[in-house]
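For reference, the structure is listed below as structure tokens.
Nothing in this text is a laboratory measurement; each read-out follows from the coordinates by a stated rule. Predicted model only: the values in this text are computed from it and were never measured. Cβ atoms come from the backbone with ideal geometry, glycine included; neighbour counts cover every protein chain shown.
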Amino acid sequence: MNKNYRTIWISDLHLGSTQCHSEMLLDFLKYNDSEKLYLVGDIIDFWALSKKMYWPREHNTVIQKILRKARHGTQVIYVPGNHDENVREYDNYVFGDIVVKNSDIHETVDGKRFLIVHGDEYDTIAQCHKWLAKLGSEGYDLLISLNRMLRIVRRWIGFRSNFSLAAYVKFKVKNAVQFISDYEESIVSTLTDRDLDGVICGHIHHAEIKEINGFLYVNTGDFVESCTAIAEHFDGTLELIRWNKIETTEVVEAPKALSAH
């Protein structure tokens with residue numbers, strides 16, 4: 001049975017990359033509908049496509065499903081990221097009922113205002129050292145590939161198979177943990193004096209809903225390793241959805257202090 005929301009945010013799909021978890025993504029799109037759908041960057045991975053042409057049928061089906069949602073009344077807003085930065089040249093253009101916006105302000109049903117950005121604008125490595133960002137992206141892709149093999153082995157020996165090697169490395173390497181913290185602080189620091197209650201972003205592939213300095217920081221995560229999304233209910237409540245399968249989906253509610261009740 002489909003679930004209906006006021007708004008859904010997804011990001012970092014990386015269509016055109018072998019790392020896209022297209023099966024889970026298609027399952028999510030099938031069982032979840034919304035009045036508004038935000039595509040928060042890195043939807044198509046032009047970095048990966050520039051190295052190797054990879055576009056399986058499932059990736060085409062994802063695009064078709066999103067276009068179909070737009071045709072049937074879902075307001076679809078595409079906020080490009082660094083892997084699809086060429087799309088930023090088309091700010092405020094409309095393609096097949098999908099509106100491109102380099103950033104946006106979303107207002108929840110109870111009046112909370114959120115800045116919507118991909119987030120690479122607040123990543124000093126992505127902005128100042130693109131060659132290093134691309135090198136890091138290739139290392140990340142390697143971890144994802146290794147993780148697929150590790151999942152098969154773990155399933156074979158009886159351990160849970162949803163282990164993420166990339167996430168494990170991120171939270172065991174001190175510099176990586178510091179990078180995530182610095183990124184979160186940097187993006188929230190721009191909200192002061194802007195009549196905003198928080199930010200909803202992607203980019204770092206780490207889903208989160210938490211309060212930082214009086215603002216709500218919300219990260220959509222990705223559909224590469226964690227398969228996560230953010231949803232706004234019709235009462236304004238924001239939730240983090242960890243999509244595994246329809247019968248095993250985990251939902252995390254926003255902090256009560258800043259939840260839109």
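Some observations on this one:
- Region 1-109: trypsin sites (Lys or Arg not before Pro) in DSSP coil with no more than 14 other Cβ atoms inside 10 Å: 52
- Neighbour cut-off at most 15 other Cβ (10 Å), DSSP loop, chymotrypsin sites (Phe, Trp or Tyr not before Pro), region 10-82: 54
- Dipole of region 1-88, positive direction: furthest Cα of 66, 11, 28, with charges on the beta-carbon: 66
- Taking chymotrypsin sites (Phe, Trp or Tyr not before Pro) across region 88-122, the ones in a DSSP loop with at most 15 further Cβ atoms lying within 10 angstrom of their Cβ are 93.
- Model label points for residue 51 and residue 211, set 7 angstrom from Cα along the Cα-to-Cβ axis, are 4.2 nm apart.
- Using a simple spin-label model with pseudo-atoms 7 Å out from Cα toward Cβ, residue 181 and residue 58 lie 3.7 nm apart.
- Distant-in-sequence amide contacts of residue 244, defined by a placed amide H-H separation under 5 Å and a gap of 5 or more residues or a different chain, comprise 249, 250.
- Residues of region 209-240 with an amide N closer than 18 Å to a point placed 7 Å from the Cα of residue 192 along the Cα-to-Cβ direction: 211-217.
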